[in-house]
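Colleague: The following block contains the structure, expressed as structure tokens.
The values are calculated or read from the model by the stated rules, or taken from the named source; none is laboratory data. Everything numeric in this text was worked out from a predicted model, so none of it was measured. With ideal geometry, Cβ positions are generated from the backbone for all residues, glycine too; neighbour counts draw on all protein chains shown.
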Amino acid sequence: MNLPMKATIVEVGPRDGFQSIKEFIPTPLKLQIIEKLIEANFKKIEITSFVSPKAIPQMKDAKEVVAHLLENYSDKKDIFHALVPNLYGAKAAYEAGLREITYVISTSVSHNQANVRRSREESFDELKEIKDIFPEMKVKFAVATVFGCPYEGDIKIEEVKWMIQNGLDIGVDEFCLADTIGVANPLQIERVLSELKADFSDIDFSLHLHDTRGMGLANVLSALQLGITKFESATGGLGGCPFAPGAAGNIASEDLINMLENMGVKTGIDLDKVLSVIPIIKKEIKPVLTSHLAYVDTTCVVKE
Ligand code: COA
Ligand code: ZN
């Protein structure tokens, strides 16, 4: 197998994971979990989202979360970023002190409408405004529903290319391709990435995968062999877009780290520290965890 020496993992549990939990998670508990993830040595953490509290009440404490972390980790500011759906959110993130955002636009017209109540063109217009108003803000462009849409089904590759070209024209800093509803399969990952790399050879795409149908890590393996080295995941395998029917957990950070490290792909992340977060999530949030390692007794070594 053609595997890289190392890979970067972006922890998105505090955003994608928490947004999927209905009951409000108290801010101190959110911070306790994020602080443990920082200790585990994630170099990038999506800590919250600046979205309408009517759309996602769970994220109503975004300002407090950011303020606490920037104050207490002033030497590690570039670890933190937040998702925003519009200019309003970008302004709020900037005022809170963040200099990196994830800006999401769906490849499918209907999911973009359901998620952020805009046409794709309107979303791109606002993205351009953000870049004009905040030139120093790093923008990761999350291209959602690349591999399938809950409303429209299959997505044409030309549509994905149109999205990427728009992002390039606006000058985004990073492209992250998202399988929002976890429908991608490893062969599809290979086909889509090969096509995109042929047209956009200068872009280092990252991947945001969901494990809804159990193909998450197989998709990572497929992508690794095409030179993708950056993946987004959520501790515990929490996650799911509330505006995508049937959406469920992200690939679990602990499963991803475990697979990569066992194959000799270095992540730089302390797996035991990530696992130490699981009992807190289980006890305090009581979600359904799609993670495998969350249910493995890792102290158990079977002897012959
Ligand atoms: N953060 C907080 N409040 C916001 C906001 C933001 N980013 N954008 C708009 N608002 C507020 C407005 O000030 C307005 O407040 P008011 O009712 O007190 O006047 C209200 O929300 C409605 O504003 P409007 O521009 O009409 O927004 P909308 O109702 O059409 O909703 C979004 C659009 C994008 C704000 C909303 O759909 C949203 O937050 N979606 C996020 C979806 C998401 O997080 N999905 C999962 C991640 S991919
Ligand atoms: Zn997601």
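Colleague: Suppose the filter is at pLDDT 95 or above and either in contact with a Gly (Cβ under 8 Å, 6 or more places away or on another chain) or under 20 Å from Leu29 (Cα atoms) (or both); does Ile280 pass it?
Modeller: yes
Colleague: Just to be sure before I move on: is Ala294 away from ligand 2 (no atom under 16 Å from the Cβ), at pLDDT 95 or above and surrounded by fewer than 22 Cβ atoms within 10 Å (Cβ to Cβ) in the structure I sent?
Modeller: No.
Colleague: While we're on this one: Consider the stretch 253-304. How many of its residues are within 24 Å of Ile228 (Cα to Cα), charged (D, E, K, R) and part of a loop (DSSP other than H, G, I, E, B)?
Modeller: Number satisfying all stated conditions: 1.
Colleague: Within the group Gly236, Gly240, which residue is farther than 17 Å from Thr8 by Cβ, in a helix (DSSP H, G or I) and within 15 Å of the chain's Cα centre (by Cα)?
Modeller: Answer to the check: Gly236.
Colleague: Considering only residues that are in a helix (DSSP H, G or I) and touching an Asp or Glu at 6+ places or on another chain (Cβ under 8 Å), look in the stretch 91-119 and name the one that is farthest from ligand 2 (Cβ to nearest atom).
Modeller: Step one: list which residues in the stretch 91-119 are in a helix (DSSP H, G or I), which gives 91-96, 109-116.
Retained after the next criterion (residues that are touching an Asp or Glu at 6+ places or on another chain (Cβ under 8 Å)): 109-111.
Working: Val109: 19, Ser110: 17, His111: 12 Å.
Among residues in the stretch 91-119 that are in a helix (DSSP H, G or I) and touching an Asp or Glu at 6+ places or on another chain (Cβ under 8 Å), the one farthest from ligand 2 (Cβ to nearest atom) is Val109.
Colleague: While we're on this one: Anything in the stretch 33-45 that is within 22 Å of Pro242 (Cα to Cα) and in contact (Cβ under 8 Å) with a residue 40 or more places away in the chain? List them, or say none.
Modeller: If we filter the stretch 33-45 for residues that are within 22 Å of Pro242 (Cα to Cα), which is where we start, we get 33-34, 45.
Correct list: Ile33 only.
Colleague: A follow-up question, please. Within the stretch 27-37, is there a residue that is in a loop (DSSP other than H, G, I, E, B) and not hydrophobic (A, V, I, L, M, F, W, C)?
Modeller: Checked against the condition, which is being in a loop (DSSP other than H, G, I, E, B) and not hydrophobic (A, V, I, L, M, F, W, C), the stretch 27-37 yields no hits at all.
Colleague: If I go through the stretch 199-233 residue by residue, how many of them are assigned to a loop (DSSP other than H, G, I, E, B) and not charged (D, E, K, R)? Show your work before the answer.
Modeller: First, the residues of the stretch 199-233 that are assigned to a loop (DSSP other than H, G, I, E, B): 200-205, 211-215, 225-229.
Pick out the ones that are also not charged (D, E, K, R) and you get 200-201, 203, 205, 212, 214-215, 225-229.
Residues flagged as assigned to a loop (DSSP other than H, G, I, E, B) and not charged (D, E, K, R) within the stretch 199-233 amount to 12.
Colleague: Right, another one. Filter the stretch 18-70 down to residues that are within 16 Å of ligand 2 (Cβ to nearest atom) and touching a helix residue (DSSP H, G or I) at 6+ places or on another chain (Cβ under 7 Å), then give me how many there are. Outline the logic, then answer.
Modeller: Let us first name the residues in the stretch 18-70 that are within 16 Å of ligand 2 (Cβ to nearest atom), namely 18-21, 44-49, 51, 55-56, 58-59.
Among the residues that remain, those that are also touching a helix residue (DSSP H, G or I) at 6+ places or on another chain (Cβ under 7 Å) are: 18-19, 21, 44-49, 51, 56, 58-59.
Within the stretch 18-70, residues that are within 16 Å of ligand 2 (Cβ to nearest atom) and touching a helix residue (DSSP H, G or I) at 6+ places or on another chain (Cβ under 7 Å) number 13.
Colleague: Continuing with the same structure: Just need a number here: residues in the stretch 10-34 that are of a type in the set (D, E, K, R) and closer than 14 Å to Ile280 by Cα. Give the steps one after another, and end with the answer.
Modeller: Here is the first cut: in the stretch 10-34, the residues of a type in the set (D, E, K, R) are 11, 15-16, 22-23, 30.
Retained after the next criterion (residues that are closer than 14 Å to Ile280 by Cα): 30.
Going through the stretch 10-34 one residue at a time, the tally reaches 1.
Colleague: Now, a different point. Val116: of a type in the set (A, V, I, L, M), away from ligand 1 (no atom under 15 Å from the Cβ) and surrounded by 19 or more Cβ atoms within 10 Å (Cβ to Cβ), yes or no? Talk me through it step by step, then tell me what you get.
Modeller: Numbers: of a type in the set (A, V, I, L, M): yes; away from ligand 1 (no atom under 15 Å from the Cβ): no; surrounded by 19 or more Cβ atoms within 10 Å (Cβ to Cβ): yes.
Taking the combined requirement at face value, the residue does not satisfy it.
Colleague: List the residue pairs whose Cβ atoms are under 9 Å apart, where the first residue sits in the stretch 46-70 and is under 12 Å from His81 (Cα atoms) and aliphatic (A, V, I, L, M), the second is part of a helix (DSSP H, G or I) and within 10 Å of ligand 1 (Cβ to nearest atom), and the two are 6 or more positions apart or on different chains.
Modeller: Cβ pairs passing all conditions: Ile47/Arg15; Ile47/Ala62; Ala62/Gly89; Ala62/Ala92; Ala62/Ala93; Val65/Met59; Val66/Ala93.
Colleague: Exactly one of (1) touching a strand residue (DSSP E or B) at 6+ places or on another chain (Cβ under 7 Å); (2) on the phi > 0 side of the Ramachandran plot is unmet by Leu127. Its number?
Modeller: Only one criterion in (1) touching a strand residue (DSSP E or B) at 6+ places or on another chain (Cβ under 7 Å); (2) on the phi > 0 side of the Ramachandran plot is unmet by Leu127, namely (2).
Colleague: Which of the residues belonging to the stretch 194-249 are touching a strand residue (DSSP E or B) at 6+ places or on another chain (Cβ under 6 Å), within 16 Å of ligand 1 (Cβ to nearest atom) and on the phi < 0 side of the Ramachandran plot?
Modeller: Ser206, Leu207, His208, Leu209, His210, Glu232, Ser233, Ala234
Colleague: Name the one entry in Leu29, Leu87, Leu83, Leu70 that is within 12 Å of ligand 1 (Cβ to nearest atom), over 19 Å from the mean Cα position of the chain (by Cα) and aliphatic (A, V, I, L, M).
Modeller: Numbers: Leu29 fails: within 12 Å of ligand 1 (Cβ to nearest atom); Leu83 fails: over 19 Å from the mean Cα position of the chain (by Cα); Leu70 fails: within 12 Å of ligand 1 (Cβ to nearest atom).
Criteria check complete, one pass: Leu87.
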